[in-house]
1. Given the conditions (1) farther than 28 Å from L134 by Cβ; (2) at pLDDT 95 or above; (3) of a type in the set (D, E, K, R); (4) in contact with a helix residue (DSSP H, G or I) (Cβ under 8 Å, 6 or more places away or on another chain), report the number of the one that K87 does not fulfil.
2. Inspect all residues belonging to the range 4-25 and state whether any of them is among the β-branched types (V, I, T), under 23 Å from the mean Cα position of the chain (by Cα) and over 25 Å from N139 (Cα atoms).
3. Here is a list: R56, R4. Which entry is without any contact (Cβ under 8 Å) to a residue 12 or more places away in the chain and over 13 Å from V86 (Cα atoms)?
4. Among the residues of the range 10-33, write down those that are surrounded by 16 or more Cβ atoms within 10 Å (Cβ to Cβ) and part of a helix (DSSP H, G or I).
5. Please specify each residue of the range 43-78 satisfying the condition of being in contact with a strand residue (DSSP E or B) (Cβ under 7 Å, 6 or more places away or on another chain), among the small types (G, A, S) and over 18 Å from S113 (Cα atoms).
6. Return the residue satisfying two criteria in turn: it lies in the range 148-163 and is part of a loop (DSSP other than H, G, I, E, B) and of a type in the set (D, E), and of such residues it is modelled with the highest pLDDT.
7. Regarding N112, is this residue modelled with pLDDT under 95 and within 30 Å of G3 (Cα to Cα)?
8. Kindly indicate whether any position in the range 85-99 is under 16 Å from M18 (Cα atoms) and among the hydrophobic types (A, V, I, L, M, F, W, C).
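The values are calculated or read from the model by the stated rules, or taken from the named source; none is laboratory data. The structure presented is a predicted model; accordingly, all values stated were derived computationally and were not measured. Cβ sites come from the backbone with ideal geometry, for glycine too, and all protein chains shown count toward neighbours.
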Amino acid sequence: MIGRNIGRFLLQGEDSLMIDAAQCATVRTENTLLHALLLLSSVGFTSVPVLDESSRVAGIITMPAIINGLLDNEDYNWDLLPVRKVKEVMTNNVPRVFRDSPFEDVLHVLVNSNYLCVTERDNTFLGIIARKQLLKRVNRLAHEFELFYEVKERTKDKVKEAPSHDFAEDDIQFKL
């Protein structure tokens, strides 16, 4: 469970944690692989959400999926770029949360994804939350939290279900 003050602090920021759908690079299921390749190349991303005709999340298209979609009998057929559709090669495994998902779910999904799609319950695309946006807030938390909150270490007997920790240790050491 995320502490109340930590969660509140992480959710504060000058900019929204979610990038609105109107500001997101996306492709449609009916777009060609050429269109998707040009979009990915122009924005410098390795993947973007794929939306259907009703603006619902249908999948994700990646650069490797596009290239693999051109394989034709052990060779690449570049003539397929303007012919094949995104829906033929996209992945349906989409990291996502709903508009009303707990913040903890957002954190769990972003551990393994560069971004996640935010949708309504009917799968309508609302936008994305990028890991980069969250890491900016974690950086702010690490540098500014104690400017706003007084933090006191609890004695060992008052800590409930705490992870193992040497309370005599004065310094935090990160092991890489």
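1. (4)
2. Taking every residue of the range 4-25 in turn, none turns out to be among the β-branched types (V, I, T), under 23 Å from the mean Cα position of the chain (by Cα) and over 25 Å from N139 (Cα atoms).
3. Numbers: R56 fails: without any contact (Cβ under 8 Å) to a residue 12 or more places away in the chain.
Among R56, R4, only R4 is without any contact (Cβ under 8 Å) to a residue 12 or more places away in the chain and over 13 Å from V86 (Cα atoms).
4. First, pick out the residues of the range 10-33 that are surrounded by 16 or more Cβ atoms within 10 Å (Cβ to Cβ): 10, 17-19, 21, 24, 26-29, 31-33.
Within the range 10-33, L10, A21, L33 meet the criteria.
5. If the condition is that a residue be in contact with a strand residue (DSSP E or B) (Cβ under 7 Å, 6 or more places away or on another chain), among the small types (G, A, S) and over 18 Å from S113 (Cα atoms), then S55 is the only one that fits.
6. So, considering only residues that are part of a loop (DSSP other than H, G, I, E, B) and of a type in the set (D, E), the one modelled with the highest pLDDT is E150.
7. On the way: modelled with pLDDT under 95: yes; within 30 Å of G3 (Cα to Cα): yes.
Yes.
8. So the first thing to find is which residues in the range 85-99 are under 16 Å from M18 (Cα atoms), and the list is 95-99.
Those still in the list that are among the hydrophobic types (A, V, I, L, M, F, W, C) too: 97-98.
The answer is yes; a qualifying residue exists.
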